[in-house]
Amino acid sequence: MNFISTKLEGCFIIEPKIIQDSRGYFMESFNENSFQNGIGKRVTFVQDNQSFSSKGVLRGFHYQTGEHAQAKLVRVLQGEVLDVAVDIRPNSSTYGQYVSVLLSGENQTQFFIPRGFAHAFLVLSETATFFYKCDNFYNKESEGGIIYNDPILNVDWQFPIADMLISEKDQNLPTLENAKKVW
């Protein structure tokens with residue numbers, strides 16, 4: 001696996017080694033030792049989640065606060081998404097900045113998002129199956145969120161906003177300035 005640092009400290013793009021032949025392909029999608037060496041710290045995942053969505057579905061920005069904050073290792077099993085992480089760590093030099101990554105079933109790229117980041121993804125293909133590991137259990141009372149079109153974040157979704165399918169809950173999230181603090 002190839003671990004690529006991003007401009008946001010602690011966020012890594014992970015490119016797998018894919019072995020292909022006439023039968024198809026084989027890849028190691030997760031190896032605890034390789035993962036921990038690649039990101040330079042110990043993370044223990046306790047929960048796996050999966051979602052299926054159609055083209056234009058935007059989910060996020062979501063995060064967990066306090067003792068329930070979550071790190072995520074995300075990937076796409078089928079389809080293609082634009083995946084976005086926003087640094088919401090109050091004392092970070094990159095607070096309010098984001099990184100976006102194209103994840104697909106074809107490229108098999110993964111994205112590690114540590115605690116202290118808000119996360120969202122937008123489906124670019126007709127459908128997509130999205131899979132992610134979390135290092136902490138979900139806690140409803142610790143939910144936080146930021147509106148997808150926050151003018152300060154100014155995320156380039158590379159997709160027409162009028163064609164996005166966004167839940168009512170996500171349409172009513174606060175701006176970064178008014179959002180629940182992660183710590």
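Bear in mind that the values in this text are calculations on the coordinates, not laboratory data. What you are looking at is a predicted structure, and each value in this text was computed from that prediction instead of being measured. Positions of Cβ are backbone-derived with ideal geometry, glycine not excepted, and every protein chain shown enters the neighbour counts.
Sequence-ordered 3J(HN,Hα) estimates for region 155-169 from the Karplus curve with 6.51, -1.76 and 1.60 and θ = phi - 60° stand at 5, 8, 7, 6, 7, x, 4, 4, 9, 7, 10, 10, 4, 4, 4 Hz, glycine and proline given as x. Largest GNM mean-square fluctuation across 79, 24, 38, computed for the chain with C-alpha springs under 10 Å, falls on 24.
Counting only aspartates and glutamates at least 8 places from residue 133 when in the same chain, those with an alpha carbon closer than 16 Å to its own are 28, 32, 48, 83. Length available on full extension from residue 78 to residue 7: 0.36 nm per residue minus the Cα-Cα distance, which gives 22.9 nm.
Put simply, when 165-178, 90-103 are sorted by average Cβ atoms within 10 angstrom per residue, most first, you get 90-103, 165-178.
Provide the net charge surrounding residue 96, with neighbours chosen by a C-beta distance below 12 Å and charges set as Lys +1, Arg +1, Asp -1, Glu -1. Within the 12 Å Cβ shell, the charges total -2. Estimated from helices alone, the mean residue ellipticity of the chain at 222 nm is -1500 deg cm²/dmol (sum of -39500 (n - 2.57) over DSSP H runs with n ≥ 4, per residue). Annotation: amide H-H contacts under 5 Å for residue 61 (H modelled 1.01 Å from N, sequence separation of 5 or more, or interchain): 146, 148.
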